[in-house]
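Visitor: Before I ask anything, here is the structure I am working with.
The values are calculated or read from the model by the stated rules, or taken from the named source; none is laboratory data. None of the values given here were measured: they were computed from a predicted structure. A quick note on method: Cβ atoms are made from the backbone with ideal geometry, for glycine too, and the neighbour counts reach across all protein chains shown.
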Amino acid sequence: MNAYAAHAALELPEGGIQLPCEPQNHAHDTARPWAQWLADYQLEDLVQRFPVHTQEGSCWVLTLRPEIQAAWMPGHDTMALHQHLGHAALAPDPFALEREILIALLGSPLRFSFASLEALASHVRVRRNMTLAARKTALAFKTEAAERPEDHWQYDEERGFTLKPGRCLIDALIAATQPEATGKLYDFSCYRATEYVILLGIAQELKIHHPDLLGQLQALNEIHAIRSGQFHDVFLVEYGSMDQPLPARYYVPGDRLWFRNPDERSSDVMGYEGSWVIYLGGGLFSNFWKRDQPFTLESKAIEIYHWRDGVHTDAQGQLQMDENVVDQRVAQTLADPQATHRVLERMLRMRDGKGIYAEGGCLDTTRECPRSVSRDQCELVLPNF
């Protein structure tokens, strides 16, 4: 079974977290490690457990207690969890962020299945790493450019950007995405930036808990870049679907997701087909161009809506985007409550299918999260080049 199986596979309506357990006479003993782990996060009183039986054997399912779910995550809405936990939206404390991640998983509408408590702990740490990295990531605003720190990276048309011999993968990813490392902003797309953030979060976990695999990942990145569709297949699991969309306000810190541009004309501008972001927790989404101004769900929807106003044809007959016009129209809409309501009513709908531009909005039906890289549930299979 895939590590992130939907609840339908278990024929149960609940989501939450699934962990294995021994036969019934040992079940109490096997519960103790994760019970203590939850206590370390001060969550033991918020969680209920129940045994289920699957084709793979007996297991525990952990979910939020119904009254906590209703009060903290009504309709699986995770965007105010930080308020219930008593910390700021972008609290720098890793412990607070891990608690937010764990509660969002416990309250998930789909079942997240792990082979062990360590696999679960590793998943939480990778999401934490990714989220903290995304908060620090800043790019120059050139959606068609491709630039990296020359001290760390080299470029080949076929192989893409690869590590220079002897350079550390973690340091190279930080140098490319976090301007404090080099004093410079680099030009590349938000899609590629999400790949670097994800790769960095995984590499940081491997450095401490799976160094042999980090060595393999390092060596591979010296040979060939893993990017685009292959990156998705190698490193990520997509959960939710067009047939069974995730709730519109369910996000776990570290999720990668796509906001679709539902306007057909402006979506033909390179880089404006939609927007790839990382959920930062606290109801906020990454803004790699202005990292000190992360998006809310509403502000992101309004920005994408006004791309239709910024599109124009240049002297060469090519479609271009005028961001100044977009910014002006966004400001006008935000200053008018009725206009804001109209735009959000149009945009905060599930997107149409591929190639369709009808009544759908900008919300995607799925999220993407990292594959397990723990030693006892390693789902990361590196390709050969």
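Visitor: Filter the stretch 248-288 down to the residues that are in a helix (DSSP H, G or I) and of a type in the set (Asp, Glu) and list them by number.
Guide: Matches in the stretch 248-288: 268 only.
Visitor: Follow-up. For residues in the stretch 4-57 being among the aromatic types (Phe, Trp, Tyr) and in a helix (DSSP H, G or I), which is modelled with the lowest pLDDT?
Guide: My answer is 34.
Visitor: Considering only the stretch 58-169, give the helices (runs of 4 or more DSSP H) lying wholly within it that have at least 3 residues that are in contact (Cβ under 8 Å) with a residue 40 or more places away in the chain.
Guide: Fully inside the stretch 58-169 and qualifying: 94-106, 117-136.
Visitor: Only one of these conditions is not met by residue 176: (1) crowded, with 17+ Cβ neighbours inside 10 Å; (2) out of contact with any Lys or Arg (no Cβ under 8 Å at 6 or more places or on another chain); (3) free of Cβ contacts under 8 Å to residues at least 60 places away in the same chain. Which number is it?
Guide: (2)
Visitor: Shifting gears a bit: For the stretch 322-362, give me each residue that is touching a residue at least 24 places away in the same chain (Cβ under 8 Å), of a type in the set (A, V, I, L, M) and within 18 Å of residue 309 (Cα to Cα).
Guide: 330, 334, 343, 344, 347
Visitor: Out of the stretch 339-362, which residues are under 26 Å from residue 234 (Cβ atoms) and surrounded by 13 or more Cβ atoms within 10 Å (Cβ to Cβ)?
Guide: Across the stretch 339-362, the qualifying residue is only 351.
Visitor: Checking the conditions here, which among 340, 366 is β-branched (Val, Ile, Thr) and out of contact with any Phe, Trp or Tyr (no Cβ under 7 Å at 6 or more places or on another chain)?
Guide: 340
Visitor: Here's another thing I want to ask about it. When you go through 61, 47, 124 one by one, which is the residue that is of a type outside the set (Ser, Thr, Tyr), out of contact with any strand residue (DSSP E or B) (no Cβ under 9 Å at 6 or more places or on another chain), surrounded by 17 or more Cβ atoms within 10 Å (Cβ to Cβ) and under 27 Å from residue 245 (Cβ atoms)?
Guide: Matching residue, one of 61, 47, 124: 124.
Visitor: Now a separate question. In the stretch 43-89, what count of residues is obtained for those that are more than 20 Å from residue 114 (Cα to Cα) and among the acidic types (Asp, Glu)?
Guide: 3
Visitor: So, one more: Could you tell me which residue of the stretch 247-292 is surrounded by the most Cβ atoms within 10 Å (Cβ to Cβ), considering only residues that are acidic (Asp, Glu) and touching a residue at least 60 places away in the same chain (Cβ under 8 Å)?
Guide: 255
Visitor: Look through 336, 327 and report the one residue that is modelled with pLDDT of 95 or more, surrounded by fewer than 15 Cβ atoms within 10 Å (Cβ to Cβ) and over 29 Å from residue 196 (Cβ atoms).
Guide: None of the other options fit; the residue is 336.
Visitor: Inside the stretch 110-169, can you point out the residues that are in contact with a Leu (Cβ under 6 Å, 6 or more places away or on another chain), closer than 21 Å to residue 211 by Cβ and basic (Lys, Arg)?
Guide: Residue satisfying the conditions is 128 alone.
Visitor: Among the residues of the stretch 128-184, write down those that are touching a Gly at 6+ places or on another chain (Cβ under 6 Å), under 22 Å from residue 94 (Cβ atoms) and not aliphatic (A, V, I, L, M).
Guide: Correct list: 129, 131.
This table checks each residue for (1) in the same structural domain as residue 271 (by TED's automatic domain parsing); (2) at negative phi; (3) of a type in the set (Val, Ile, Thr).
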site: 306; (1), (2), (3): yes, yes, no
site: 317; (1), (2), (3): yes, no, no
site: 334; (1), (2), (3): yes, yes, no
site: 340; (1), (2), (3): yes, yes, yes
site: 346; (1), (2), (3): yes, yes, no
site: 351; (1), (2), (3): yes, yes, no
site: 357; (1), (2), (3): yes, yes, no
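Visitor: Checking residue 244 against (1) in a loop (DSSP other than H, G, I, E, B); (2) surrounded by fewer than 22 Cβ atoms within 10 Å (Cβ to Cβ); (3) touching a strand residue (DSSP E or B) at 6+ places or on another chain (Cβ under 8 Å), which single condition isn't satisfied?
Guide: Here residue 244 meets the rest and fails (3).
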